[in-house]
Amino acid sequence: MNSAWSAAKGEHWRKHLAGFEAMLRPVDAPLLAARSLGEPQRIADIGCGSGATTLAIRAATHPESTVHGFALSPALIDVARGLSQGVRVGFEQVDVEAAATPEELYDRLASRFGVMFFADPPAAFRRLRDWLAPGGRCAFAVWGSPADNAWAATVREVVASVADLPPPVPDAPGPFRYAHIQRFVDLLRQVGFAGVEATPWHGALPIGAETGAAEAAHFALSAFSTFGETLAAAGPRAQAEAHRALTSRFEANVGPDGFVRMDASVHLVVGAQRRFE
């Protein structure tokens with residue numbers, strides 16, 4: 001896993017936790033629907049962050065199921081443990097790429113945007129394949145194309161208008177690593193997952209914790225990727241101009257309730273355990 005998640009990125013996520021979780025929560029329902037959770041089973045949430053999806057899994061599955069969340073960031077694991085007081089769920093700080101195969105295998109693996117950051121994806125997904133019991137299944141949510149994710153494309157356009165942004169590096173760890181979804185499907189098949197299929201999901205996501213245009217712009221410029229660092233280096237004038245421009249863009253996406261929502265494109269990728277002989 002990208003080691004930055006054990007320190008700076010984890011702290012960054014915790015700082016903006018309320019906004020991130022409000023924004024990503026709509027993806028939980030289609031992710032959980034992608035895999036049957038009705039019978040008692042062992043379930044692992046990979047890259048669980050602050051544990052919101054893990055808790056959603058716990059609420060949706062059989063009372064006798066075992067649910068564990070795994071993340072690299074100690075800061076986010078601390079948050080997850082705090083939020084899960086009194087709930088039958090476990091959280092552990094683990095580098096999935098280096099972790100041993102658990103003694104008790106899992107019947108289900110799930111991840112909401114937690115599998116795009118591995119340093120060595122083939123090795124990581126082979127390891128996850130080995131975490132699954134025979135017949136076990138996985139469901140991973142990954143972002144679609146940046147062009148189809150207005151929440152990201154709009155912010156990037158605004159920041160690029162006032163500061164120099166480096167071009168995206170294809171296949172580097174990052175949120176849009178599997179935007180070309182067939183590459184991800186092929187990778188999972190190559191490392192031993194069977195029945196791999198990708199289904200698109202489209203919806204409107206709230207930007208931040210359901211706030212107005214100016215507040216949503218502040219959240220986006222501070223929280224998304226490295227935009228905040230880029231603007232800080234560009235200086236106060238660039239920061240102010242970016243905020244004005246993004247607020248104006250967001251105002252066109254304010255709904256009747258006064259909150260900003262932007263279109264999003266997600267791929268829900270499912271598969272099953274298949275070991276090589």
*Report relative contact order for the chain in percent, whole number only (criteria: Cα-Cα under 8 Å, sequence separation at least 6).*
22 percent
_Positive-end residue, the chain charge dipole about Cα centroid, Cβ charges, pick of A133, T154, N253_ = A133
*Per residue accessible area of the chain, 1.4 Å probe, in Å²*: 45 Å²
*What is the projected area of the convex hull of the Cα atoms of the range 79-199, averaged over all directions, in nm²?*
9.8 nm²
*Accessible-area value, V115, 1.4 Å probe, nucleic acids and ligands omitted, Å²*: 0 Å²
*Just how far, in whole angstrom, is the range 42-60 from the range 110-168 if you go by their alpha carbon centroids?*
17 Å
*Sulfur and carbon atoms: percent of accessible area, the range 1-84 [1.4 Å]*: 59 percent
*Provide, in order from the shortest bin, the percent of all Cα-Cα pairs of the range 204-258 in each 10 Å bin, continuing until the bin that contains the maximum pair distance.*
25, 53, 19, 2
*Roughly how many Å is it from the Cα centre of the range 201-260 to that of the range 61-101, as a whole number?*
31 Å
*With an 8 Å cut-off on Cα pairs and a minimum separation of 6 or more residues, tell me the relative contact order of the range 94-156 in percent.*
42 percent
*Report, in deg cm²/dmol and to the nearest 500, the calculated mean residue ellipticity at 222 nm for the chain, where each DSSP H run with n ≥ 4 adds -39500 (n - 2.57) and the sum is divided by the residue count.*
-11500 deg cm²/dmol
*In the range 152-277, what percent of the accessible surface is made up of carbon and sulfur (1.4 Å probe, ligands and nucleic acids excluded)?*
54 percent
*asked:* Leaving ligands and nucleic acids out of the surface, order K15, K9 by accessible area at 1.4 Å, largest first.
replied: K15, K9
_Quick check for me: using +1 on Lys/Arg Cβ and -1 on Asp/Glu Cβ, what's the dipole size of the chain about its Cα centre, in debye to the nearest 20?_
180 debye
*In bins 10 Å wide, starting from 0, what share of all Cα pairs of the range 150-277 does each bin hold, as a percent?*
12, 34, 28, 17, 8, 2, 0
*Quick one: order S84, S36 from most to least accessible surface, probe 1.4 Å.*
S36, S84
*Put T230, T54, T199 in order of accessible area, largest first, 1.4 Å probe: what do you get?*
T199, T230, T54
*Please work out how much accessible surface H202 shows to a 1.4 Å probe, ignoring ligands, DNA and RNA, in Å² rounded to 10.*
130 Å²
*Could you pull the accessible area for L109 with a 1.4 Å probe, rounded to 10 Å²?*
0 Å²
*Which listed residue (Q85, H68, A98) has the Cα farthest towards the positive end of the charge dipole for the range 62-104, taking +1 on Lys and Arg C-beta and -1 on Asp and Glu C-beta about the Cα centre?*
Q85
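The values are calculated or read from the model by the stated rules, or taken from the named source; none is laboratory data. No experiment lies behind these values; they were computed from the predicted model shown. Positions of Cβ are backbone-derived with ideal geometry, glycine not excepted, and every protein chain shown enters the neighbour counts. Calculation scope for accessible area: heavy atoms of the full protein, side chains included, ligands and nucleic acids excluded. Shrake-Rupley method; radii C 1.70, N 1.55, O 1.52, S 1.80 Å.
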